[in-house]
1. Sort out which residues of the stretch A:105-123 are buried (at least 20 other Cβ atoms within 10 Å of the Cβ) and closer than 13 Å to A:Gln72 by Cα, and write them in order of number.
2. With the stretch A:59-155 as the region, which helices (runs of 4 or more DSSP H) entirely inside it contain at least 3 residues that are free of Cβ contacts under 8 Å to residues at least 40 places away in the same chain and on the phi < 0 side of the Ramachandran plot?
3. Here are B:Asn38, B:Asn12: which of them is modelled with pLDDT of 85 or more and not in a helix (DSSP H, G or I)?
4. What do you reckon, is A:Gly121 small (Gly, Ala, Ser), at the interface with chain B (Cβ under 9 Å from one of its Cβ atoms) and in contact with a Lys or Arg (Cβ under 9 Å, 6 or more places away or on another chain)?
5. Could you check the stretch A:188-268 for helices (runs of 4 or more DSSP H) lying wholly inside it with 3 or more residues that are under 20 Å from the mean Cα position of the chain (by Cα)?
6. So, B:Gly102, is that one more than 12 Å from B:Ala207 (Cα to Cα), surrounded by fewer than 23 Cβ atoms within 10 Å (Cβ to Cβ) and among the small types (Gly, Ala, Ser) or not?
7. Take A:Leu306 and tell me if it is outside any loop (DSSP other than H, G, I, E, B), out of contact with any strand residue (DSSP E or B) (no Cβ under 8 Å at 6 or more places or on another chain), crowded, with 19+ Cβ neighbours inside 10 Å and of a type outside the set (Ser, Thr, Tyr).
8. Residues of the stretch B:126-144 being buried (at least 17 other Cβ atoms within 10 Å of the Cβ) and either within 9 Å of chain A (Cβ to nearest Cβ) or basic (Lys, Arg) (or both), which ones?
Amino acid sequence: MSPAWGEEAQPSNQSQSHSTVLNRPWLVILGAVVLLPVFVRHAIATEIWIFAIFGLGLNLLMGYTGLLSFGQATFFGSAAYVAGYLLKHHGVNVFVALLIGIVVGAVSAAVVGYLCVQRSGLYFIMLTFALNQMFYFTAYQWTSVTGGEDGMPGIPRPPMLGLDVRAPLAYYTVVAALFVLSLWVMKRVVESPLGKILQCIRENEPRAAALGYDAARMKLVAFVVGGAFSGLAGVLYAMLFGIVPLEAIGFVFSGNVVFATLIGGSGSLYGPVIGSFVFIWLSESVSAMWARWPLLLGLAFVIVVLFFRGGVVEAWARFWAWRATRGRRAPSAGADATH
Amino acid sequence: MNGALLFSQLLNGIATGMLYALMGIGLSIITGVLNIPNFAHGALFALGAYLLYTVIQVIGSFWLALVLAPVGVALLGIAIEYGGIRPLYKAGHDYQLLLTFGLSLIVTEAIILVWSPVGMSQLPPPILRGGFDLGVAIYPKYRLFVMVAAGLLVLGAWLFLEKTRYGAIMRAGIEDKEMVSLLGIDIHRLFTTAFALGCFLAGIAGALTAPIRGLNPLMGVDMLGIAFVVVTLAGLGNLLGSIVAGLMVGVAQSLVALVWPEASVAVIFAVMAAVLLVRPQGLFGIR
C-alpha cells in the first residue's frame, strides 16, 4: 500500500510555532469573532463559526491523524436530525439538545469509525463515503421522521439560561462562544499525549504500533472526538436555520468540509477556521447569484487544487517569503551592477 | 409471494449486479493504478447515459450510440488525466482526490444545464423491446441483453488484464508502480490508459443503464457509492471479486425491494457493513 494518506500535505511539528507565536492566533481569532458580525450578515457569520467547529472535528482526523474522512456529514447530519427532532417534538432544553447532539455525533462516529479503521488508505476513504451514503439514503427514505427531500423544518431555538437567543446577534454570540470553547478544547486535545500519539500514527503507523500503541483504537478515538465536534456543529446548524435540510447529511457536505479544511491548511489547528471563513463566505456569495452554484463550487475545487494548493496559510507564507526575498534581492542586484 | 415475481426480481438483481460489477471494475482499475478513489466515476457514468440519449436523438442508432457514448466518456477521461491529474502527481493524492470531487460536481451540474434537471426516459432499440418467455416468467428482452452485454464486457476486461501484455503491465502497475517504471515502462502513459479504460467502462455501464432506469442527473451520485462498495468488498484489481460483490449487492437490493422498497438502496451499504464486520479484509482478503 502507498504511504499514509495526507502524509505529504502535512507540515511537521506544530508545537514549535505555537510556543513562539503563542498569543497571536488567539488575538486574531477573538478579534474576528468580535468584528465579523459588523461586516458580514449575522446568519453567515454564525454559519462560519459552526462550519469551523465542523472543520476542527475533521482536522483531528485529516490533519493530525492522517485519515481522510469523506463522511463527516454522517455525524453532523445524524446529530442535527436527532436533536432537531427532540427540540421540535419534545421541546427539550437547549443544553440537553446540544449534549444529545454531541453524544449522537460521537456514537455515530464510533459505529462508522469501527468499520472504517479496519481498512486503510484508499479503502478507508471509500468506506467513509459509502457509509455516509447509507445514512443519507436512510434519511432520504425515512420521510415520516426526517421529511426526506423536504428536510425537517420547524426547529425552534429555545432560550438559553432564560435569555432569548432568537435574535440573530444573540445567537451569533452563543455560537461564537461555543466556537472559542471548541477551539480551546481541540487545542488541548492535539497538545495532549493523545494528540501526540495521533500525530505519531500519521507520521509512521508501524512505528507507533511498535511502540505499543493500539493504532486502530487510537484512530477510533480520533473518530469519536471528531464526531462529537461534528455533532455539536450539526445541532447549532439546525437551530440556526430552523431546519435540517437533507443536504446536511449528504456527501457534498462531507466534501465541502474537506475542501474548506484543505484550503485553510490541514496541517495547523487554525487551518479549518480560516478555511471555513473563506469557504462559507465564498459559497454564500455565489449561491445567492446562481441556482447552479455547485458548478462554480466545483470549478473552485479544481482551480484551488491546481493552482493554490497548500491553502490560504501557505499562500500567505509564500507571499511574505516572496516579499522578503524581493527585498533582499533588490540591493544585491544593484551591487552586481556596480562591478 | 409469487414465484414468477421472485424469479424476475432475481434476474433483475443479476442484471443490475452485472452493471455494478462493471462500475466496480472500472473504478478498481483507476483506483488501483493511479491510487485515487475517482470521485468523478459516478458523474462519468451519468454522462455515458446522457451521451447515449443525445447520440440516439441525433443519429438514431442505438448501437452506434452504445459505442460512441463510452468512447466520448473515455476521451473526457483522457483529458481529465492529462490536464488535471497529471500536474498533481507530485502534489499528492489528497489533491487529486479533491480534483475528481470538484469534477464530479462540474459534470453533474453540466448535465443539468445541458440536458435537464428533471428525469428523462430512453426506450431500448426496437429489436430489444418487449418480453422474452423464459418458461417461468416473461422477462424484458432488454434486461437479458444487458446481462449478456455486461457479462461480455467483464469477460473482455478479464481477457485484456490477464491475457495481454499491456494488461499484465497494468496489473503490475496496481501491485508496484515504482518497479514498473524501473523496468522502463512509461508509467504516465499507463496512468492515462488506465484512467481512459476505467472511464470507458463507467460510460458504457451508464449507457446500458439508461433504457432500464431512465436518466436523471443524480443517477451518478447513487452509483458512485455502490461502486465504492464493490471495490471495497472485492479488493483492488480483483475482477472475480468485483463480479461476486456486484452480484451480491445487486441481488440483495432487488430482493429487498420486493418486501421493503424504501430500504432497497440502504441495504447495499448494510450488506457491505455486515460483510466487513465478519471479514474486515473484504470478501477475498487482499490488502
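1. A:Gly105, A:Ala106, A:Ser108, A:Ala109, A:Val112, A:Gly113, A:Cys116
2. Details: elements: A:73-90, A:94-116, A:121-141, A:143-146.
Here the list reads A:73-90, A:94-116, A:121-141.
3. Details: B:Asn12 fails: not in a helix (DSSP H, G or I).
Being modelled with pLDDT of 85 or more and not in a helix (DSSP H, G or I) holds for just one of B:Asn38, B:Asn12, which is B:Asn38.
4. So A:Gly121 fits the description; yes.
5. On the way: elements: A:193-203, A:205-210, A:215-241, A:251-264.
Here the list reads A:193-203, A:215-241, A:251-264.
6. Details: more than 12 Å from B:Ala207 (Cα to Cα): yes; surrounded by fewer than 23 Cβ atoms within 10 Å (Cβ to Cβ): no; among the small types (Gly, Ala, Ser): yes.
Taking the combined requirement at face value, the residue does not satisfy it.
7. Details: outside any loop (DSSP other than H, G, I, E, B): yes; out of contact with any strand residue (DSSP E or B) (no Cβ under 8 Å at 6 or more places or on another chain): yes; crowded, with 19+ Cβ neighbours inside 10 Å: no; of a type outside the set (Ser, Thr, Tyr): yes.
The answer is no for A:Leu306.
8. The one that is buried (at least 17 other Cβ atoms within 10 Å of the Cβ) and either within 9 Å of chain A (Cβ to nearest Cβ) or basic (Lys, Arg) (or both): B:Arg143.
The values are calculated or read from the model by the stated rules, or taken from the named source; none is laboratory data. For clarity, every value in this text was computed on a predicted model and none was experimentally measured. For neighbour counting, all protein chains shown are included, and Cβ atoms are generated from backbone atoms with ideal geometry for every residue, glycine included.
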